[in-house]
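FYI, it's all coordinate maths here, none of it is from the lab. These figures come from a predicted structure and were not determined experimentally. Glycine also receives a Cβ, built like all others from the backbone with ideal geometry; neighbour counts cover every protein chain displayed.
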Amino acid sequence: MHRHRFLLPVRMAALYSAAVFPLLAAPIKPDFFLGARPANMIWGYFWAETPPVLTVQSGKIVEVDTTDLTGIADEDPEAFFKEHSLPLELPAIQDLIAIKRQVKPTGIRGHMMTGPIFVEGAQPGDTLEVRVLDVKTRVPYAMNRMRPGGGGIPDLVPRPYLKFVPIDLEHNVALFAEKVRIPLRPFQGVMAVAPTADRGKLPSGPPYADIGGNFDNKDLGKGATVYFPVQVPGALFYIGDPHAVQGDGEVDGGAAETSNTVIVQLIVRKDLHLTAVRAETPTHYMVMGIDVELSTAMHKAIANSVDFLKETQGLDFFNALSLCSLGVDFRVTEVVDVSKGIHSMIPKSYFTSDKSVEPYWYHADATYETAR
Amino acid sequence: MPTPRFTGAFLTLAVWASGPLIELPAAVKPDYHLDIDPERMPAGYYSAETPPVLKIASGQTVEIDTLALMGLSDDNPEKFFTDNTISLDLPSVKKMISVKKALAGKGASSAPLAGPIYVEGAQPGDTLEVRIVDIKSYTPFGINVGNPGKGGIPDVIPRPYAKVMKFDLQKNTAKFSDTIDIPLRQFQGIMAVSPTKERGKLPSRPPYPDIGGNMDNKHLVKGTTLFLPVQIEGAGFYVADPHAAQGNGEVSQSAIESSNTVTLQFFVRKDLHLKGPRAETPTHYIAMGFDEDLDAAVHHAIVNTIELLKDVKGMNFFDALSLSSVGVDYEVTEVVDVTKGVHAMIPKSLFHDDKPAPYWYKE
């Protein structure tokens with residue numbers, strides 16, 4: 001992707017040393033806040049002609065609220081919260097109720113997303129680099145839903161089932177059952193750029209290899225960077241489908257669906273030209289394969305990983321394939337969004353002897369103020 | 001896999017369990033060493049009728065040398081080593097050459113099977129618990145290959161390749177290139193029990209959803225336990241296909257193929273009745289799914305995860321499926337052995353049981 005974006009453990013260690021760290025520890029305040037207010041929501045599709053709700057310059061940091069409406073009834077949005085003894089006065093719950101009441105269906109089934117955000121200077125052929133600086137769950141619950149005909153065992157689910165999972169926000173853990181607790185790893189199921197105008201309105205249900213969308217990739221949480229090939233001027237960045245935690249596969253059809261506050265930095269990269277979305281974490285490069293057939297998704301993930309290693313590490317085809325076989329993990333991203341996903345996790349630690357690279361941007365101990 | 005983990009029938013275990021915590025003895029002295037004997041190696045298949053090479057009691061430990069002969073030619077096995085500047089004087093190399101010569105023309109695969117081991121008392125319906133006590137590389141080198149028409153991108157690979165890597169066994173790494181070292185995590189690609197007699201000779205290339213086999217599951221390293229459903233009296237355990245490291249997927253068609261010495265402890269579990277293989281690591285339960293179609297393999301893996309969570313944690317269907325979605329990771333085991341595999345990694349840390357079952361392995 002770009003040889004100057006590697007994590008160098010030695011250099012990072014120096015940055016983290018006690019003497020240096022206090023300089024980094026000052027909280028960072030986002031440049032913009034984009035609330036989950038009815039006017040900021042777009043329901044169900046990605047489209048080049050959706051008017052942007054925010055315009056930012058490249059490099060700006062945006063705090064965005066994202067919502068999930070699972071379990072909330074159309075006719076009486078407050079009932080759900082009363083039933084579960086959740087405080088109606090909580091701003092996040094006020095947002096959910098207002099959205100449920102005011103945002104009208106568009107006729108396309110899909111996610112309730114926040115955006116799009118217009119990034120100045122982004123032109124088709126550029127890359128939009130989205131740094132996920134922080135993700136925090138903002139409601140004390142999550143929902144997990146399954147139904148016959150959906151998920152990874154559609155033939156075996158006997159009836160619809162909706163599970164309410166309390167979240168202990170102080171301890172960052174989902175209280176799944178009396179003796180089962182799941183540490184939260186919040187992330188956004190959906191992040192995308194707009195498709196070109198000729199593709200019309202693309203439903204947000206399936207992920208798309210080029211514009212992104214409903215990846216449901218659990219590794220795209222705090223610390224991840226996602227690279228989108230820009231299709232239209234301004235990129236038009238969409239974000240939604242907040243998850244509190246999910247396993248690789250998302251096998252019942254849903255994650256722990258919740259509401260998150262996400263802090264992203266949006267950077268226009270003129271030097272980077274991609275045909276498909278790529279990502280990285282502090283420790284891994286991530287390459288994706290997407291297809292309605294999982295075997296084909298796997299094939300694409302392998303071929304794309306080989307191309308990635310050729311392009312970014314200068315390996316020849318055989319060494320790239322060999323490294324994929326003996327040192328790269330292929331994971332099932334999700335099998336439930338019509339188009340299925342496989343992603344490879346390529347450890348950065350293999351390449352640390354390259355001294356020409358810059359450290360990765362992520363600092364585990366960085367803190368953020370709210371801009372709301 | 002339900003608690004109590006130990007049936008109490010095993011003296012060895014009773015001794016281990018006598019302290020406040022279960023602790024491994026300072027060094028496990030295997031009860032048996034199974035040497036490589038080309039005359040007695042089954043040639044590439046599992047069969048109920050292959051005579052056992054060893055009979056052991058439940059609870060006993062066996063040290064086994066398993067060979068990777070990939071890259072060696074029948075007519076001139078020495079050439080591989082001279083081509084790759086590997087000394088012909090290494091005892092492991094001498095062994096590989098002699099076994100390759102003895103097997104030449106016998107139709108054995110490049111990963112000859114060790115076994116079968118007969119475990120006394122094992123009956124159909126029981127479970128064979130195989131504790132992977134230790135695995136070490138037997139040679140300081142390994143090989144990775146790919147071929148057109150094989151592996152995860154069979155249509156894209158233009159010609160055969162074979163990549164030989166030297167190991168630093170002190171650091172337990174493979175030298176992939178001048179700048180890239182791969183950490184070694186040795187495991188066995190193949191572990192299986194015999195099929196029933198009426199199934200005849202089952203080829204060892206694909207994994208099987210009941211007897212195991214060429215699962216190529218990278219998590220079956222030292223410290224992991226494999227549970228296999230016994231099909232015939234004595235179980236008839238096979239082990240082969242030593243790997244030094246592999247990624248989930250094994251996408252080129254092979255791992256770092258490299259000979260290992262593996263130390264296994266066997267228990268007959270009368271209290272456990274499984275339909276297919278399961279595994280357990282110090283940190284995870286592992287459920288598996290196998291099928292020629294990767295979508296179907298995921299389907300099987302989900303169903304087997306739900307079964308495992310019902311058996312081990314008493315969860316109902318909905319909670320088990322829900323937990324599978326929000327807290328369990330599905331990984332691609334391999335896509336290159338005709339029958340493909342997906343496995344579920346179920347973190348033990350999710351469960352806050354009052355009395356968690358102690359696990360035998362300690363670092």
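What to note about this one:
- Sites B:GLU78 and B:ALA57 - FRET efficiency at Förster radius 41 Å, r taken between beta-carbons, to 0.05: 0.50
- GNM flexibility winner over chain A from A:ALA92, A:ALA25, A:ALA209 (Cα, springs under 10 Å): A:ALA25
- Segment A:315-372-segment B:303-363 distance, computed between alpha-carbon centres (Å): 24 Å
- Overall form of segment B:126-169 per C-alpha gyration tensor (a/c, 1.5; a/b vs b/c): oblate
- Going by neighbour counts of Cβ atoms within 10 Å, the residues A:HIS84, B:HIS243, A:HIS243 line up, fewest first, as A:HIS84, A:HIS243, B:HIS243.
- Judged by the mean number of other Cβ atoms found within 10 Å, the most tightly packed of the peptides B:268-275, A:294-301 leads the ranking A:294-301, B:268-275.
- Shape call, segment B:64-116: gyration tensor on alpha carbons, a/c limit 1.5: oblate
- For segment A:304-317, the Karplus equation 6.51 cos²θ - 1.76 cosθ + 1.60, evaluated at θ = phi - 60°, returns couplings of 5, 5, 4, 4, 4, 5, 5, 6, 9, 10, x, 6, 7, 3 Hz by residue, with Gly and Pro reported as x.
- Backbone HN-Hα couplings from phi across segment B:297-304 [Karplus 6.51/-1.76/1.60, Hz, Gly and Pro as x]: 4, 4, 4, 4, 5, 5, 4, 6
- Sequence-distant residues sharing a close amide H with A:VAL180 (under 5 Å, placed H): B:HIS352
- GNM flexibility winner over chain A from A:VAL277, A:VAL132, A:VAL103 (Cα, springs under 10 Å): A:VAL103
- Its Cα centre serving as origin, segment B:219-317 has a Cβ charge dipole (Lys and Arg +1, Asp and Glu -1) of approximately 520 debye.
- Charge dipole of chain A about the Cα centre (unit charges at C-beta), most positive-ward option of A:GLN188, A:THR258, A:MET113: A:GLN188
- Sparse-neighbourhood loop sites, GluC sites (Glu not before Pro) in segment A:95-197 - DSSP loop, at most 15 other Cβ within 10 angstrom: A:GLU120, A:GLU170, A:GLU178
- Per-residue mean of C-beta atoms belonging to partner chains within 10 Å, peptide B:162-169: 1
- Two-decimal log10 I(q)/I(0) for chain A, as the Debye equation yields it once each C-alpha is a single scatterer, q = 0.09, 0.14 Å⁻¹: -0.50, -1.26
- Sorted into 10 angstrom bins from 0, the C-alpha pair distances of chain B split as 5, 24, 34, 25, 9, 1, 0 percent.
- Within 10 Å of the Cβ of each residue in A:172-179, the mean number of Cβ atoms contributed by other protein chains is 3.
- Under 5 Å from the amide H of B:LYS222 lie the amide H atoms of B:ILE135, each residue being 5 or more positions distant or on a separate chain, with H modelled from the backbone and absent for Pro and chain starts.
- This model, with +1 at the C-beta of Lys and Arg and -1 at the C-beta of Asp and Glu, gives segment A:32-282 a dipole about its Cα centre of some 80 debye.
- 5 angstrom amide H check on B:LEU54, placed H, neighbours 5+ away: B:TYR118
- Its Cα centre serving as origin, segment B:301-363 has a Cβ charge dipole (Lys and Arg +1, Asp and Glu -1) of approximately 140 debye.
- Cα gyration tensor shape of the protein assembly as shown, rounded if a/c is under 1.5, else prolate or oblate by comparing a/b with b/c: prolate
- Value of [θ]222 nm, deg cm²/dmol, for chain B, DSSP H segments ≥ 4, -39500 (n - 2.57) each, nearest 500: -4500 deg cm²/dmol
- For segment B:137-145, 3J(HN,Hα) computed residue by residue from phi via the Karplus equation (6.51, -1.76, 1.60; θ = phi - 60°) reads 5, 9, 10, x, 7, x, 9, 10, 10 Hz, glycine and proline entered as x.
- Partner shielding of B:136-146 amounts to 2, given as the average count of beta-carbon atoms from other chains within 10 Å of each residue beta-carbon.
- Burial ordering of A:VAL62, A:VAL119, B:VAL99, fewest other beta-carbon atoms within 10 Å first: B:VAL99, A:VAL62, A:VAL119
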